[in-house]
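The values are calculated or read from the model by the stated rules, or taken from the named source; none is laboratory data. Remember, it's a predicted structure, so these values are computed and weren't measured experimentally. No Cβ is skipped: glycine too gets one built from the backbone with ideal geometry, and neighbour counts run over all protein chains shown. Accessible surface areas use protein heavy atoms only, side chains included; no ligands, DNA or RNA. Shrake-Rupley method; radii C 1.70, N 1.55, O 1.52, S 1.80 Å.
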Amino acid sequence: MTGAHDHGVRRQGGHQHAGAGAGRPGYRGRLAVALALGVFVLLVEIVGAAVTGSLALFADAGHVLTDVVGVGLALAAVSYATRPPSSRRTFGTLRAEVLAAAFNALLLLGVAGYVLVESVRRWDEPDAISGTALALFAGIGLLANAIGLLVLRKGAGDSLNVRGAYLEVLGDLLGSVAALSAGIVIAVTGWELADVVASLVIAGLMVPRTVLLLRDSLHVLMEGTPRGIDLAEVRRHLREVPGVLDVHDLHAWTITSGVPVLSAHVVVADEVLHSGGAGPLLDRLCGCVGDHFDVAHSTFQLEPAEHAGHEDPTHE
């Protein structure tokens, strides 16, 4: 028998998800459409900010610029993530998706901070703005963002990277709504401070979703237990498999969106190892975590009970 130590049997059960939503051609197409729409909105809002002098349009253009860069990175990461595994990168480049999502979040936090500072600076001296022109440019951006949101909606639940792009476009859409509202208020009442208020709203919309995206990305990068997997429950299920005496060194982490991985040392009865029952037992263990916890990539090391004396004291 072979294993990490002198005793034990290892086997990888199931299969590895091919990108699990990260590299599917449909997602690449959706991201490409979202990128094109983002560039269009960016150009419209840059022109609009120059024509109207609106801080809200300027803030939203900065937000959209960051999102265009972010979606571009997401698209590159999705394409990069489809590269096959190698001896140097045994899981391929699936983690590139998560790195891009974390970078997107950091960019968005930077833009939000800038918009907040600029909004406060202009609070006492709002610029003269044409409300009608502001509403027109914001309305064009709103329409384009709505289309982009519909394009990305389907993949947002499967891929962290597509989810990041979806949240970015959603933030852009809400920013367009805020700018459009400011334009209408200025056109109707002449209250030019509405532009600054809209800028603060746009910045406020960026922060919560960005923090959540950064949190989820860092959770994956720090190899936290996948959300929805209770290791105590996993251990209980594995111990109920016939022939299993105990389970220790149980670990679960995520490679990228939809690709949870699990490994464990499984103490088994001597007769299982001596009677040639290791193979069927491994099948049952892999089926257990696959059926109950949707983990398709699992690794188990089978150990006889007396092997506990050889384990490192830090093993649990």
Under 10 Å, Cα contacts only: if you run a Gaussian network model on the chain, which one of ALA296, ALA182, ALA232 comes out with the highest mean-square fluctuation? ALA232
The chain: relative contact order as a whole-number percent, Cα under 8 Å and 6+ apart: 25
Determine Rg/Rh for segment 226-316; Rg is computed over alpha-carbon atoms and Rh is the Kirkwood hydrodynamic estimate from the same atoms. 0.97
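Taking each pair of distinct Cα atoms in segment 102-172 once, what is the resulting Kirkwood hydrodynamic radius in Å? Intermediate results must be reported in sequence, preceding the final value.
On the way: mean 1/r = 0.0694 Å⁻¹.
That comes to 14.4 Å for segment 102-172.
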Taking every DSSP beta bridge that has both residues in the chain, what percent is antiparallel when rounded to the nearest 5? 60
Please give the per residue accessible area of the chain, computed with a probe of 1.4 Å over protein heavy atoms only, in Å². 46
Can you tell me the alpha carbon radius of gyration of segment 170-267 divided by the globular rule-of-thumb value 2.2 N^0.38 Å? 1.94
Tell me, what HN-Hα J-couplings in whole Hz come from the Karplus equation 6.51 cos²θ - 1.76 cosθ + 1.60 at θ = phi - 60° for each residue of segment 246-251, using x for Gly and Pro? 7, 9, 9, 6, 8, 9
Using a 1.4 angstrom probe with every protein chain in place, what is the largest-first accessible-area order of TYR27, TYR114? TYR114, TYR27
Computed on Cα atoms, the radius of gyration and Dmax of segment 93-233 in angstrom are 18.2, 62
Provide HIS63, HIS297 ordered by accessible surface of protein heavy atoms (probe 1.4 Å), highest first. HIS297, HIS63
Helix 25-52 against the longest principal axis of the chain: what's the angle in degrees, Cα atoms only, rounded to the nearest 10? 20
Counting helices only, and only those DSSP H runs with n ≥ 4, report the 222 nm mean residue ellipticity of the chain as the sum of -39,500 (n - 2.57) divided by its residues, in deg cm²/dmol to the nearest 500. -21000 deg cm²/dmol
Nonlocal amide H pairs with GLN301, under 5 Å, H built at 1.01 Å: ALA264, HIS265, VAL266
Can you give the charge dipole size of the chain about its Cα centre, rounded to the nearest 20 debye, using +1 on the beta carbon of Lys and Arg and -1 on the beta carbon of Asp and Glu? 960
Could you give the angle, 0 to 90 degrees to the nearest 10, between helix 278-293's Cα long axis and the longest principal axis of the Cα atoms of the chain? 30
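With a 1.4 Å probe and all protein chains left in place, how much of the accessible area of segment 24-121 comes from carbon and sulfur atoms, in whole percent?
Carbon and sulfur atoms account for 72 percent of the accessible area of segment 24-121.
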Given C-alpha coordinates of segment 169-213, what is the ratio Rg to Rh with the Kirkwood estimate of Rh? 1.07
Given the protein chains as shown and a 1.4 Å probe, how many square angstrom of ASP124 are accessible, to the nearest 10? 130
Using a Gaussian network model of the chain whose springs link C-alpha atoms within less than 10 Å, name the residue from THR132, THR66, THR210 with the highest mean-square fluctuation. THR132
